[in-house]
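Here is the structure we will look at, set down as structure tokens.
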Amino acid sequence: MEASVILPILKKKLAFLSGGKDRRSGLILTIPLCLEQTNMDELSVTLDYLLSIPSEKCKARGFTVIVDGRKSQWNVVKTVVLMLQNVVPAEVSLVCVVKPDEFWDKKVTHFCFWKEKDRLGFEVILVSANKLTRYIEPCQLTEDFGGSLTYDHMDWLNKRLVFEKFTKESTSLLDELALINNGSDKGNQQEKERSVDLNFLPSVDPETVLQTGHELLSELQQRRFNGSDGGVSWSPMDDELLAQPQVMKLLDSLREQYTRYQEVCRQRSKRTQLEEIQQKVMQVVNWLEGPGSEQLRAQWGIGDSIRASQALQQKHEEIESQHSEWFAVYVELNQQIAALLNAGDEEDLVELKSLQQQLSDVCYRQASQLEFRQNLLQAALEFHGVAQDLSQQLDGLLGMLCVDVAPADGASIQQTLKLLEEKLKSVDVGLQGLREKGQGLLDQISNQASWAYGKDVTIENKENVDHIQGVMEDMQLRKQRCEDMVDVRRLKMLQMVQLFKCEEDAAQAVEWLSELLDALLKTHIRLGDDAQETKVLLEKHRKFVDVAQSTYDYGRQLLQATVVLCQSLRCTSRSSGDTLPRLNRVWKQFTIASEERVHRLEMAIAFHSNAEKILQDCPEEPEAINDEEQFDEIEAVGKSLLDRLTVPVVYPDGTEQYFGSPSDMASTAEHIRDRMKLVSLKRQQLRHPEMMTTES
């Protein structure tokens, strides 16, 4: 019977063991009766429970029962005493009925308990409270009977509940732990698994039960449940009641079984952890070799454009993301396996290392395949990027070549030609880069062995190789076509440059010829002071005319070249309607002015030569000097020359132009007149010799 079952009855304090002892060391059982009617059934239950507490040795010494009837009626007392005969007849040695003072004297004659001793089995005495000390020491009596023994019924009840709870839980726990521990030691694996399934976890927490037991033992060791320390609280369980030894024995058994249980749990936990690791390893391996490898097998293409390669990269990133989750599990499992290897038993080392090696091989192989695929897609993306850039460059170059050239001058043609050459060079660099990227991609594809995805990838690789080679060949053909068109355009543009150069040089020739004409009219005005100087001037003039003739011929050749170039370029030359007429007009003007200059110099030579002959004293030729006709001729030439100096040069278009300034002409005319005066004076001297004699 447990106190918790009859707790409401025990709280009524119908009977109690105070812990006191009689002179025979028998326990004192106190039954305090009250004014209210006592429930005999509840009292019987209380007595049964209290009498179950002491040991058999303690029971053998007998009980002294104190029936406190001071607050009860006689018939109740009598009923209680008679009930003791049925409840504890063998254990009761003495019953002390505490009577009220002078209350039951008349009724004692009706029923004498001492006469019924043989029938009852124990001695019954009626005694007042102050005379109990005749039978029991005061120190063994509670304060209710004038003793010094302290008893707190609720404190005892609480301690009793704790003790019984600990005893019950510890006993049940010991049985469970023993079942678990013994089940783990069985050799039969089926029984072992059955015991693990049914009894792996105890019904109560061993740590909690042990803590409760230690606290209870601490209370027992400090108070010993006998009130000897003078404290307020008290419990009837002392060493004789086996409270402390029983708790210590239970604690020792619990510690032993719990230690074994912890070892069993550790072994089972290790085995469970090993099985979980093995299960997770197989999950990782099965997924990587199953769905993971299937995902990679399905992804073999490289795409035919940047967008397609980017889509494949995005798909590959999704595959990598899924693999990353399993790789994270691999890292965690690898750490767990490493920890078990460091602290594991030798019997598990081989299995753990095998799992670790298997997991590492599969994960590293799959990671290598992912990295290879990523590098391949990146190389394909770069290849398509270079191909797209090169295609755009070729399109731009082709567009530039398809536009007809209509430059304004040679400089713009040169700039356009330079830009064309730069674009062609850029295309060459782009094509070279495409070849390098393509060759690198082909090398990567050639290194893709059949084991990479667990199947033969020859067909898929051939498609990728054909695509790469096709792109490079197409770009090479496009580049070759553009080069051919560039060669044609370059020749055309060089001809246009030459055309513009010829036109510019022809225009320059016109300018030069105009400058020569201007110089002829403005600076070539002197006729010389004598015949020799005039001859020198004439010779210089002829050389000057030769320079002008060369300039004119050069301009004509340039204009003829422009006609040929225009015919080759199938365009209309601007020089045919502009530069050529200008050149012919200037040359005609130069020719007229030059001829006029020659006539004047020739007349000046004739004038100076004849004048010098007459003016020189030549006695050997007197008849020549005396020839009047010579004087007339000189005078006529001089006058003609003076007249010619005043006449302007008249061009075919009717315009007129004078040589030099009027002052220059006046100076030249004055010199001629002076020479004519000398000739006239010479003529007079020859006519009148006496004039020469007189003068001399």
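The values are calculated or read from the model by the stated rules, or taken from the named source; none is laboratory data. On a predicted model such as this, the values are computed, not experimentally measured, just so you know. Heads up, the Cβs are rebuilt from the backbone with ideal geometry, glycines too, and the neighbour counts pull from every protein chain shown. Accessible surface is based on the protein model in full, side chains and every heavy atom, while ligands, DNA and RNA are left aside. Shrake-Rupley method; radii C 1.70, N 1.55, O 1.52, S 1.80 Å.
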ask   = FRET efficiency for Ala298 and Asp389, Cβ-Cβ distance as r, R0 = 30 Å, nearest 0.05?
value = 0.45
task = With a cut-off of 20 Å, note down the residues of the stretch 141-184 whose backbone N falls inside the zone around a label point 7 Å from the Cα of Glu215 toward its beta carbon.
result = 154-174
remark   = Taking Met248, Met40 and ranking on accessible area (1.4 Å, protein atoms only), highest first, one gets Met248, Met40
request  = Hey, for a label at Asp487 modelled as a point 7 Å past Cα toward Cβ, could you say which residues of the stretch 420-436 have their backbone N under 20 Å away?
outcome  = 420-429, 431-432
message = Accessible area per residue for the stretch 286-363 in Å², computed with a 1.4 Å probe and the full protein assembly in place, what is it?
response = 55
query = Contour minus end-to-end for Ile125 and Leu419, with contour as 0.36 nm per residue of separation and end-to-end as the Cα-Cα distance?
reply = 91.8 nm
request  = Evaluate the distance, in nm, between pseudo-label points positioned 7 Å from the Cα of Tyr364 and of Arg585 along their respective Cα→Cβ axes.
outcome  = 9.5
query = Taking amide hydrogens as modeled 1.01 Å from N in the peptide plane, which residues meet the under 5 Å criterion relative to Val649, leaving out close sequence neighbours?
reply = Gln657, Tyr658, Phe659
remark   = Computed on Cα atoms, Rg of the stretch 523-685 relative to 2.2 N^0.38 Å comes out at 1.45
request  = Might you work out the accessible area of Met282 for me, using a 1.4 Å probe with all protein chains in place, and round it to the nearest 10 Å²?
outcome  = 70
note = For the stretch 523-685, the accessible surface attributable to carbon and sulfur atoms (probe 1.4 angstrom, ligands and nucleic acids excluded) amounts in percent to 51
ask   = Relative to the present Cα-Cα distance, how much length would full extension add between Leu494 and Cys265 at 0.36 nm per residue of separation?
value = 72.8 nm
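Say the cut-off is 21 Å between C-alpha atoms; which of Lys11/Lys59; Lys13/Lys249; Lys21/Lys57; Lys57/Lys78; Lys540/Lys682; Lys11/Lys131 go over it?
Details: Lys11/Lys59 24 Å; Lys13/Lys249 31 Å; Lys21/Lys57 14 Å; Lys57/Lys78 29 Å; Lys540/Lys682 32 Å; Lys11/Lys131 29 Å.
Table pairs above 21 Å Cα-Cα are Lys11/Lys59; Lys13/Lys249; Lys57/Lys78; Lys540/Lys682; Lys11/Lys131.
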note = So Asp530 and Phe372, fully extended at 0.36 nm per residue minus their Cα-Cα distance, gain in nm 46.5 nm
ask   = GluC sites (Glu not before Pro) within the stretch 53-102: which are DSSP loop residues with at most 12 other Cβ atoms inside 10 Å?
value = Glu102
inquiry  = If I take R0 = 56 Å and measure r between the Cβ atoms of Leu35 and Thr171 in this structure, what FRET efficiency does the formula 1/(1 + (r/R0)^6) give, to the nearest 0.05?
reply    = 0.85
